[in-house]
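Q: One structure, pasted below without further comment.
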Amino acid sequence: MMNFRKAATAAGLVLGIVTGLVGPAAADVPAAIKERGKVLIAIDVSHPPYGMLDSQARETGSDVETAKLLAEDMGVALEIVPVSGANRVPSLLSRKVDMVIASFSITDERKKVIDYSRPYGVIPVVISAPQDMDIAAPADLAGQALAVARGTTADIELSRIVKESGVNARIVRYEDEATTNTAVATGQQKILAAALSTANEVSEQNPSLNLEVKLDMAAYPMAVGLRKGDDELKAWVDEWVGQNLENGKLNAIYEKYFHQPLPDVIPES
């Protein structure tokens, strides 16, 4: 089987031969973005390592670097529009932003109302808890309260697991990742459902809690969120993703923040 990077390279060569175009992306940048001179991208800057503020209150993180690379290749300025996990879709539908790059995984529910680019990364979602808690299966969550950020894939998967298993667990939903993490760090909740990167971050920042991953819930492909009907923009972003996977730039960003390479094949959904 041809691996993902070889397939991307072959596709890029075919496109170059057919169109005779070169550069960051052969598809045209939509006129509205070119005329505005900047692209508006929603990013959750309270969700390390995807988005965060450094010591000088500047946005940084894997999503921020991805957005900067995209804007650079578009030839326009980047305007970051801060969002939380819960308002990523509303910010897109209300046209406050052109696209969403905010640890945005592909789900069937979201696909009903928005569109996605081809995926450029993956997001594992897990349940973590103190080492001395015996949690090896969903049934072990009985009688427990679990913290999760509202509207995230961790929320979706946790809700599914609780429903399918019939376990009597209480899901405590917070409005964003930062508030969720604080609730666990301060002892309001002991069990966290979150992306693996978030679970690791909370564990590293709070070693006295002795947190460890107990259950793997799912692994979601991560993509750029787009409005349905923005076909010209989707064509540009899809091509941009393919080229920057092939040239290794997106993998370099992923390795910098997650300390492992992207998989050779990224699932489409």
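Q: Given the conditions (1) at pLDDT 95 or above; (2) outside any strand (DSSP E or B); (3) open to solvent by less than 30 Å² (accessible area, probe 1.4 Å), which single one is not true for residue 143?
A: (3)
Q: Can you tell me which of (1) part of a helix (DSSP H, G or I); (2) more than 16 Å from residue 42 (Cα to Cα) is the one residue 119 doesn't meet?
A: Answer for residue 119: the failing condition is (1).
Q: Related question: From the residues in the stretch 165-178 that are within 25 Å of the chain's Cα centre (by Cα) and at pLDDT 95 or above, which one is most open to solvent (accessible area, probe 1.4 Å)?
A: Selected residue: 173.
Q: Conditions: (1) in a helix (DSSP H, G or I); (2) surrounded by 15 or more Cβ atoms within 10 Å (Cβ to Cβ). Residue 215 meets all but one. Number of the miss?
A: (1)
Here is a yes/no grid of residues against (1) out of contact with any Phe, Trp or Tyr (no Cβ under 7 Å at 6 or more places or on another chain); (2) surrounded by 19 or more Cβ atoms within 10 Å (Cβ to Cβ); (3) part of a loop (DSSP other than H, G, I, E, B):
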| position | (1), (2), (3) |
| --- | --- |
| 86 | yes, no, no |
| 92 | yes, yes, no |
| 103 | no, yes, yes |
| 123 | no, yes, no |
| 126 | yes, yes, no |
| 132 | yes, no, yes |
| 136 | yes, no, yes |
| 148 | yes, yes, no |
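Q: Hey, another quick one. Counting only residues that are under 26 Å from residue 89 (Cβ atoms) and either open to solvent by less than 60 Å² (accessible area, probe 1.4 Å) or at pLDDT below 85 (or both), how many does the stretch 7-36 have?
A: Residues in the stretch 7-36 being under 26 Å from residue 89 (Cβ atoms) and either open to solvent by less than 60 Å² (accessible area, probe 1.4 Å) or at pLDDT below 85 (or both): 6 in total.
Q: How many residues does the stretch 224-253 hold that are touching a Pro at 6+ places or on another chain (Cβ under 7 Å), under 22 Å from residue 44 (Cα atoms) and in contact (Cβ under 8 Å) with a residue 60 or more places away in the chain?
A: Within the stretch 224-253, residues that are touching a Pro at 6+ places or on another chain (Cβ under 7 Å), under 22 Å from residue 44 (Cα atoms) and in contact (Cβ under 8 Å) with a residue 60 or more places away in the chain number 2.
Q: Looking at this structure, is residue 110 closer than 23 Å to residue 40 by Cβ, in contact with a helix residue (DSSP H, G or I) (Cβ under 9 Å, 6 or more places away or on another chain) and open to solvent by 10 Å² or more (accessible area, probe 1.4 Å)?
A: Here the answer is yes, as residue 110 does meet what is asked.
Q: Does residue 156 count as in contact with a Lys or Arg (Cβ under 8 Å, 6 or more places away or on another chain) and β-branched (Val, Ile, Thr)?
A: no
The values are calculated or read from the model by the stated rules, or taken from the named source; none is laboratory data. Just so it is clear, the structure is predicted and the values come from calculations on it, not from any experiment. Positions of Cβ are backbone-derived with ideal geometry, glycine not excepted, and every protein chain shown enters the neighbour counts. The protein model used for the area step is the full one, side chains on, heavy atoms only, and it has no ligands, DNA or RNA in it. Shrake-Rupley method; radii C 1.70, N 1.55, O 1.52, S 1.80 Å.
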